[in-house]
Amino acid sequence: MGSFSIWHWLIVLVIVMLVFGTKKLRNIGEDLGGAVKGFKQGMKDGSETAAPPAQQVGNLPDAHTIDAEAREKSKS
C-alpha cells in the first residue's frame, strides 16, 4: 500500500490527458524544455563573461582621485 502500481499511474495519466488535452501538455513540455535550455545557456554565458571580484575591485578608481577632480571642477 506504500506505493502505487503501474495501473494507478496509467489511470492518473489518462485522467490528466483528458483534463488538459495532449496539445496543451505538449506545449507545456516544450515551454519547460525551452526554459531549462535558456537557463543552462545563461549560466554558461554568465560564467564566461564574469570577471573575478579581485579584478573588478582593482579597476575601480580611487575615491580621493574622484574627490580631487570634483574640487578642481567646482573651483573653476
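Report the label-to-label distance for LYS40 and VAL12 in nanometres (one decimal), using points 7 Å from each Cα along the Cα→Cβ vector. In this crude spin-label approximation the distance works out to 2.6 nm. Any idea how far apart LYS23 and SER5 come out in nm if each label point goes 7 Å out from Cα toward Cβ? My value for the distance between the label points is 3.6 nm. Once the other residues with Cβ under 12 Å from the Cβ of MET17 are scored (Lys, Arg +1; Asp, Glu -1), what is the net sum? Around MET17, the surrounding residues sum to +3. Local charge for GLY38 was computed over the other residues whose Cβ lies under 13 Å away, with Lys and Arg +1 and Asp and Glu -1, and equals 0.
Quick note: the coordinates plus some simple rules give every number you see, no bench work behind them. From a predicted model like this one, the values you see are computed outputs, not experimental measurements. Because the Cβ atoms are built from the backbone with ideal geometry, glycine has one as well, and the counts that use them run over all protein chains shown.
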